[in-house]
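The values are calculated or read from the model by the stated rules, or taken from the named source; none is laboratory data. It should be emphasised that the depicted structure is a prediction, and the values quoted were computed from it without experimental measurement. Neighbour counts run over all protein chains shown; Cβ positions are idealised from the backbone, glycine included.
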Amino acid sequence: MLASAIGLGGATGLVRTQFILVLTSSILLVILAFAKKGIFISKIALSIAVLLICFFGLEGAYRIVLLYQQQTAAYSYRITSEVYTEFDEKHGERIKPNMTFWNSYIKDGNVVFGTTISKSNADGLGGKTTISEYEERDYKVLIFGDSFSHWNQMGSSWPDLLEGKLNRRVDGSVGVLNYARGTYGVTQMLALAAEKVEQHKPDLIIIAAVGRDFSRGRWWRKDFRWNGYTRHLISDRPDKFLDYPGATDTILVNPEANRSWCERILAGEATASDHGVLDAVKQQHSLLRQENERVMGLIFQPFSLRKSHLLSRLIHGKVKRTAAAMPRVPFEDFSEDDELVTNIESLQNSGCPIMLVYLPQKREIDQAKTITWGPNRNLMQSLERIMNQEFILLHTEAELDAPKKMDLRPHDWHPNINGLQWYAQAVAPFAEAVLKDGSAKE
């Protein structure tokens, strides 16, 4: 999602605010003058007047701080030269065939990192094995997940690596189809799985989730042309994107910001043209950020009298002014989602073993505990109850040491090649057991 900033109010608001402040100050000065003579006012009223003066002073000082933060804010975001997915009315999005998805990372206006994060095959799947190859294998596996499962480093995703390990572990050939899609939550994973189980007749279905996936709601992504730019928008509705508060940009798109451009800058070999592209990228980000904030009503107006920013800070704490619009489910128990329950029933009635896998991050492995936020823990437990099946917690159940570094931090929290290899190696024995006896973990 695009980072956001705090906007500025207009001159009309400034004049109106100055008038009200002058009027208020004059009234308070009159009250104080009378108070000295003991006329018309008590000591309590005098105390209130002093408190009001102090409050207005603090409110003004705090707004100056917010204004300074806006003017000095730094932003981190990603940009790509070509959109990797296309609109799918039923499942939110689908991956385009034969695509390589390169991302360049911008921080404080500078290119700091770049990597290929996903590759699709001829069928538009985020793995190497095609449907025709899968159909020829002895054992068949379908994997549904989010970006962690389609994430590609050095030419492989963890499902690709898992396929290789299973082929060495079982008698017969194994084919894995990778139906993972970035930003998917378990609601959309299960919906897609319920459709594909009948098409592919697998021997095993793996639902691979990370901590944030449980609260993610249903969403749709679509491209639009806007003021000369391609915008890749995510929305909580399939029919509303532009000028809609429930939608936002997921990544910047600029055809000139390609892999070679990024690599030249990182190598210190940038041309004048390359610097010009970077300037254009920063301008593009600024325009889209402002547009997101306008649509969502997030623009900071330092002279507005509609709210007290100081009171909001004291009551609600530090609130990030962000244009992120990731749809979230409005409940903490999946039994309230009739569509999800129907999809689960469809999957279970297929007779195909289902394996629920939790993909941990490094700190979860190090601490040997599941770290979730908000309603995700309750949603995870409710899903286990509905399916009468527990998630395999790799960080506590896999007897496997984690690599010292298994992600792309500080640039990205997704896995590096070491992390992908760890996931594949951790999942392999569980998948092997299911393929051999046809039963998932009870």
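Points to keep in mind about this one:
- Any chance Leu161 is surrounded by fewer than 24 Cβ atoms within 10 Å (Cβ to Cβ), touching a residue at least 24 places away in the same chain (Cβ under 8 Å), assigned by TED's automatic domain parsing to the domain that holds Leu420 and part of a helix (DSSP H, G or I): yes
- Restricting the range 176-196 to residues that are β-branched (Val, Ile, Thr) and within 21 Å of Arg237 (Cα to Cα), the residue that is surrounded by the fewest Cβ atoms within 10 Å (Cβ to Cβ): Thr183
- Each residue in the range 252-278 was checked for being hydrophobic (A, V, I, L, M, F, W, C) and in contact (Cβ under 8 Å) with a residue 60 or more places away in the chain, and 8 pass.
- Residue count for the range 114-127 satisfying the condition of being more than 19 Å from the chain's Cα centre (by Cα) and either acidic (Asp, Glu) or assigned to a strand (DSSP E or B) (or both): 2.
- Residues that are in contact (Cβ under 8 Å) with a residue 12 or more places away in the chain and surrounded by fewer than 16 Cβ atoms within 10 Å (Cβ to Cβ) were ranked within the range 197-225; the one that is nearest to Gly374 (Cα to Cα) is Gly217.
- Test for Pro238: is it in contact (Cβ under 8 Å) with a residue 60 or more places away in the chain and not assigned by TED's automatic domain parsing to the domain that holds Thr342: yes
- Checked against the criteria, Ala431 does not count as small (Gly, Ala, Ser), assigned by TED's automatic domain parsing to the domain that holds Glu195 and over 22 Å from Asn178 (Cα atoms).
- If the condition is being surrounded by fewer than 19 Cβ atoms within 10 Å (Cβ to Cβ) and hydrophobic (A, V, I, L, M, F, W, C), then the range 109-150 contributes Val112, Phe113, Ala122, Ile131.
- Of all residues in the range 93-108 being among the β-branched types (Val, Ile, Thr) and under 18 Å from the mean Cα position of the chain (by Cα), the one that is nearest to Gly145 (Cα to Cα): Ile95
- Of the candidates Glu133, Glu82, the single residue that is among the charged types (D, E, K, R), closer than 24 Å to Trp413 by Cα and at pLDDT 95 or above is Glu82.
- Yes/no for Glu93 being at pLDDT 95 or above, acidic (Asp, Glu) and outside any strand (DSSP E or B): no
- Enumerated helices (runs of 4 or more DSSP H) restricted to the range 361-404, each holding at least 3 residues that are crowded, with 17+ Cβ neighbours inside 10 Å and touching a residue at least 12 places away in the same chain (Cβ under 8 Å): 362-367, 376-387
- Screening Trp413 against (1) within 21 Å of the chain's Cα centre (by Cα); (2) surrounded by 15 or more Cβ atoms within 10 Å (Cβ to Cβ) leaves a single unmet condition, (2).
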